[in-house]
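The values are calculated or read from the model by the stated rules, or taken from the named source; none is laboratory data. Everything numeric in this text was worked out from a predicted model, so none of it was measured. Positions of Cβ are generated from backbone atoms using ideal geometry, with glycine treated the same way; all protein chains shown enter the neighbour counts. To get the accessible areas, we keep the full protein, side chains included, count just its heavy atoms, and leave off ligands, DNA and RNA. Shrake-Rupley method; radii C 1.70, N 1.55, O 1.52, S 1.80 Å.
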Amino acid sequence: MSIVVNKAGDTFHLYNDEISYIMKVLPNEQMGQLYFGKKIRPKEDYSYLVETHMRPMSSCVFDTDKNFSMEYIRQEYGVFGTSDYRMPAVEVLQENGSRISDFRYCGYRIESGKPKLSGLPATYTEDASEAETLVVELKDPVSKMSLELFYTIFAEGGIIARSARFLNEGEQDLHLTSAMSLCMDLPDSEYDWLQFSGAWARERYLKTRRLQQGIQSVGSMRGNSSHNHNPFIILKRPTADEFQGEAIGFSLIYSGNFLAQAEVDTYDAARVLMGIHPSGFDWKLESGEEFQTPEAVMVYTDRGLNHLSQTYHKLYQKRLARGYWRDRERPILINNWEATYFDFTEERLVKIAKQAKESGIELFVLDDGWFGKRTNEKAGLGDWVANPERLKNGITGLAQRIEDLGMKFGLWFEPEMVNKDSDLYREYPDWIIQTPNRRTSHGRFQYVLDFSRKEVVDRIYEMMAKILSEAKVSYIKWDMNRSITECYSATLPADRQGEVYHRYILGVYDLYERLTSRFPEVLFESCSSGGGRFDPGMLYYAPQGWTSDDSDAVERIKIQYGTSYCYPISSMGSHVSVTPNHQINRNTPLYTRANVAYFGTFGYELDLSALTEEEQEEVKEQIKFMKQYRRLFQFGTFYRLQSPFEHNISAWMVVSEDKKTAIVGWHRVLNGINLPYTRLHLQGLDEDMLYSVSEDDAAHYGDELMHLGMITTDASSGQDEANMRQDYDSRLYILKAVEGGNLS
Ligand code: GLA
């Protein structure tokens, strides 16, 4: 990996074994983008890439040059109003009402490793040799706003991490009304746009369309990254697929309002913008004040979507997630939510835990309903003290009973929320987000605490820290069950109200940071009515997240498949629940529920005593199996093989680092009859290695399994009673290297 500056000092080339990123100071002193793609050799001059042909109707910057217009020149951080008419990366409102900016190059510096982003989650290095960072320094001579553009290239992977930092070096107040984390001008628009969208209980479905002239975007203005759209998009060449071809991923490490958009202009060039959603955003910078954007991570590959995803998985698993649990196998848990909802007593909980322990489960999680007057959704949020009528010895007593069983204890919180029927609200009614003289909308009878205020975060921190220091709590499920409305903070002046959404998220990050550093061995799982805040920002604090409230196995295939485009398997909370399923009323076989949930953190969300004895035995076997293969599932290399968005039969697999073990998950939604012969082409194996395949007596070489395929045929015919299959069927194929079976 290297960052090369040419002799003239105006061209920067960041490269490693896989990629090159090249930019150049333009004649008008703004920064031009020249290339991002597969590695090319360093060279002194690439100025031929600056496109300055005569274009009728374009406005020009220099009065001596008819060809130099920002309208079509590709840039690093485009501004509006000085001959570029595309959506800008930044907009600065000045005291005279002008929004024109002109950020001119004034220098650069190169830092080994990667500087921290103050108050924000970001990728990091453990050793400075893992990455290098170029900081390009620019300044607007009129507004006196200085701008630093950060570019980190990692030694491994086709990754460029970007962010921007502003500093008001002048005397006047400035307002940032848009400040993107990245602007990427691509020379053409021959791409498919992939987004990950849905709704509550059907998060991150893959949706694809062809890029077209005009603007296409996804985003959130809900205060959280949302179920509806994820802060992640991919542009792939139309001919690229999972296994080959060019693609670029764009991922924002942020949990609040975001925008991800591509604008294709008249000349078919594509500008990608990603960052905090500019709608409603207005950040005031007084003289001497700074603003840091969140980080965005771009990944380039010429080896298909699986390779793109694997690059994100590795980076986010190893250099975004942090702490004690980052590299550790995750405990198999049982959560009482779908077993009891609000209807529980201490004895009932202990009974569930006892039986779970007998099955081999390691962690018991007490969900919603243990605190204040919380016996239904109308009361209690904000009062983080145990309800003595339900838990006579408090959380300390219950946690001890669970520990005495030989299990760990986990607890649910929803720190950002309050019910009006709570002591906290009665004491501080002005602590919620609400706009004066307006109606305040509720969501599930709850209101959002104003986390842009430090005293609010302090108070919640005190309550949570008290429980965590008194009781043996090993895990926290941190929920967030509504979006923000009537956004306004009682303590900010009028000209800072546009800061509330972002300040809110900074408050959430602050609370996470305080709790995770004071209680470093507690495992945090983020949640937002399932997957409403399943984003890289959360992953920095909580190495796993509840992927979706939908625990039905068939639904989960799509949700987990879609989630896997960006997020590692170790980050996906996945549980076995009862049938008929509580969300969709579907009956799936117990083995299918487990076969899908193994590809995640794994756990149960049910009362085991409601199962038949036979099923209870099956659960024990499942847990034994997961313990045996947990490292492979959670930390192996994951491949998508066949998409549930396109096929009745879908498949995915994980391969161990040494390629000696692999597990293929195969799922068929609807059964068929007298079906064709089928094979599945596997990935990631060692061509020369001989593998035994469960469900098969023979052994096969890696090249056979990958190139000619693994046989998956079953006749599923009503004539063959011994081999009758059913709807919602699934299989796991376990591949193991045969001792002495390696040809190389
Ligand atoms: C949300 C979560 C659920 C559960 C409930 C409790 O919906 O996603 O898993 O914790 O809240 O109220």
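List of remarks:
- Residue that is farthest from the ligand (Cβ to nearest atom), among those in the range 527-542 that are more than 21 Å from Gly249 (Cα to Cα) and in contact with a helix residue (DSSP H, G or I) (Cβ under 8 Å, 6 or more places away or on another chain): Tyr541
- Conditions (1) free of Cβ contacts under 8 Å to residues at least 40 places away in the same chain; (2) surrounded by fewer than 17 Cβ atoms within 10 Å (Cβ to Cβ); number of the one not met by Val385: (1)
- Condition met for Arg496 (touching a residue at least 60 places away in the same chain (Cβ under 8 Å), within 16 Å of the ligand (Cβ to nearest atom) and either assigned to a loop (DSSP other than H, G, I, E, B) or on the phi < 0 side of the Ramachandran plot (or both)): no
- Scope the range 369-395; condition in contact with a helix residue (DSSP H, G or I) (Cβ under 6 Å, 6 or more places away or on another chain) and within 29 Å of Ser359 (Cβ to Cβ); matching residues: Ala386, Leu391, Ile395
- Matching residues, the range 266-282, being open to solvent by 20 Å² or more (accessible area, probe 1.4 Å) and more than 21 Å from the chain's Cα centre (by Cα): Thr266, Tyr267, Asp268, Ser279, Gly280, Asp282
- Of all residues assigned to the range 557-573, at least one qualifies as being crowded, with 24+ Cβ neighbours inside 10 Å, in a strand (DSSP E or B) and near the ligand (Cβ under 10 Å from one of its atoms).
- Candidates Asp697, Asp686, Asp703, filtered to the one that is of a type in the set (Asp, Glu), at pLDDT 95 or above and either closer than 22 Å to Ala597 by Cα or assigned to a loop (DSSP other than H, G, I, E, B) (or both): Asp686
- Whichever residue in the range 513-526 is of a type outside the set (D, E, K, R) and assigned to a strand (DSSP E or B) and, among such residues, is nearest to the ligand (Cβ to nearest atom): Ser526
- Failed item, numbered, when Ser483 is tested on (1) within 16 Å of the ligand (Cβ to nearest atom); (2) out of contact with any Gly (no Cβ under 7 Å at 6 or more places or on another chain); (3) of a type in the set (S, T, N, Q): (2)
- Checking each residue in the range 733-743 for being exposed (fewer than 12 other Cβ atoms within 10 Å of the Cβ) and within 25 Å of Pro644 (Cα to Cα) picks out no residue at all.
- Residue ID - nearest to Leu523 (Cα to Cα), chosen from residues in the range 544-556 that are assigned to a loop (DSSP other than H, G, I, E, B) and open to solvent by less than 10 Å² (accessible area, probe 1.4 Å): Thr547
- Selection count where residues are assigned to a helix (DSSP H, G or I) and within 16 Å of the ligand (Cβ to nearest atom), scope the range 351-370: 1
- Verdict on Tyr475 being closer than 30 Å to Asn393 by Cβ, of a type in the set (Ser, Thr, Tyr), within 28 Å of the chain's Cα centre (by Cα) and within 16 Å of the ligand (Cβ to nearest atom): yes
- Complete set of residues in the range 22-43 that are closer than 11 Å to Phe12 by Cα and either open to solvent by 80 Å² or more (accessible area, probe 1.4 Å) or modelled with pLDDT under 95 (or both): Pro42, Lys43
- Selection within the range 292-350 - within 16 Å of the ligand (Cβ to nearest atom), of a type in the set (S, T, N, Q) and more than 24 Å from the chain's Cα centre (by Cα): Asn336, Thr340
- If you go through the range 396-408 and keep only what is buried (at least 23 other Cβ atoms within 10 Å of the Cβ) and touching a helix residue (DSSP H, G or I) at 6+ places or on another chain (Cβ under 8 Å), you end up with Leu398, Ile402.
Here's the yes/no breakdown for (1) open to solvent by 70 Å² or more (accessible area, probe 1.4 Å); (2) closer than 26 Å to Ile557 by Cβ:
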site	(1), (2)
Tyr701	no, no
Glu704	no, no
Ala715	no, yes
Met724	yes, yes
Arg731	no, yes
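- Of the strands (runs of 3 or more DSSP E) entirely within the range 577-668, those holding at least 1 residues that are surrounded by fewer than 22 Cβ atoms within 10 Å (Cβ to Cβ) occupy 637-642, 649-655, 661-668.
- The strands (runs of 3 or more DSSP E) found entirely in the range 138-201 that carry 2 or more residues being out of contact with any His (no Cβ under 9 Å at 6 or more places or on another chain) and open to solvent by 10 Å² or more (accessible area, probe 1.4 Å) are 145-154, 159-168, 174-186.
- In the set Arg204, Arg209, only one residue is more than 19 Å from His502 (Cα to Cα), more than 16 Å from the chain's Cα centre (by Cα) and part of a strand (DSSP E or B); that residue is Arg209.
- Residue in the range 53-76 that is modelled with pLDDT under 95, more than 19 Å from Tyr267 (Cβ to Cβ) and of a type in the set (Gly, Ala, Ser) present: no
- Selection count where residues are of a type in the set (A, V, I, L, M, F, W, C), touching a strand residue (DSSP E or B) at 6+ places or on another chain (Cβ under 8 Å) and open to solvent by less than 10 Å² (accessible area, probe 1.4 Å), scope the range 316-339: 4
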